[in-house]
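Quick notes on the structure that follows.
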C-alpha cells in the first residue's frame, strides 16, 4: 500500500492504524483479542489525527474530517460497550475505521494557514463534534433497524440491546448533534467561517448545513409532538445526515479531488 500524499511518519502511522483496525474486522480473534486490537487501533488513529493537525505542515480537508468522525464514533462505541456489553458493531466499525484512516492518508487535505481566524478552530471543532454525534445516531439507527428485522424473523427478542434502548440512544445522539450543529451555524454567523474570518457566506456548504439543520429540527419536532419512530424517523435521520455530509465533506471533495483546488 502506498500513501503518496502523506508524510513518511504520517503514512507509517496510518498504515499501522489501518492494519490494527483490519485485524478484528477480518481475523477470527477471541473477544479479548479483538478488544485489544481495537484499543491499539484507536490509539494509533488518534496519533494519526494529531499528526495531521500538528505536523509540518498541518493539514485538513474532507478525508481528515471523515477520519475524525469515524474516531469519534469509535470512542462512543468504546464507552457504550462498558455500559451495554451486548452491543455488537465491532466488525463494521473496525472496517469503517480502517477505510477512514487510509482515505485520510491518501487525501490529507490542504495546508492550514497561521493567518486563519482564531475562531475558525472553534467553528471546526463544533462542526466535527456534530458530525460525530450524528454519525453515532446513524450507527444506532442501523442497529435499531437490524434488531427490528431480527425480531420480525423470529430471533430471540432478548438477544442484543433492546430495541427501545437503541431508539432512545439514537434520539439522544440526534439531540446532542442538533445542539452542536446549531452552535456551529451560530459561530459561522457571528465569527465567520472563512480563512479570513470575514463573516457569513451563502455557498453550497452553508446551504446544505441549513437544510440539514431544518431536517433534524423537523425530526426532533416530529418525535416530540407526534411520537415519530421506526422507519419514518430513520429515513429522516438518514436524509438529514446525507445533507450534512454534503455540506463540508461533499463540497471539499469536489474542490480537492474533482477540481483540484484548495
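A few remarks follow.
- The condition (being assigned to a helix (DSSP H, G or I), surrounded by fewer than 20 Cβ atoms within 10 Å (Cβ to Cβ) and modelled with pLDDT under 95) is satisfied by just one residue among 252, 223, 261: 223.
- Tally of residues being surrounded by fewer than 20 Cβ atoms within 10 Å (Cβ to Cβ) and either within 20 Å of residue 86 (Cα to Cα) or at pLDDT 85 or above (or both) across the stretch 1-21: 4
- Among residues of the stretch 85-100 that are under 26 Å from residue 61 (Cα atoms) and assigned by TED's automatic domain parsing to the domain that holds residue 40, those with a Cβ under 7 angstrom from a residue that is assigned to a helix (DSSP H, G or I) and modelled with pLDDT under 75, sequence gap 6+ or separate chain, pair up as 94/24; 94/25; 95/25; 98/25.
- Checking each residue in the stretch 78-110 for being in contact with a strand residue (DSSP E or B) (Cβ under 6 Å, 6 or more places away or on another chain) and either at pLDDT below 80 or on the phi > 0 side of the Ramachandran plot (or both) picks out only 109.
- Search result, residues across the stretch 200-245 that are free of Cβ contacts under 8 Å to residues at least 24 places away in the same chain and touching a helix residue (DSSP H, G or I) at 6+ places or on another chain (Cβ under 6 Å): 200, 228, 236
The values are calculated or read from the model by the stated rules, or taken from the named source; none is laboratory data. Because the structure is a prediction, the values reported are computed rather than measured. All Cβ positions, glycine included, derive from the backbone under ideal geometry; neighbour counts span all protein chains shown.
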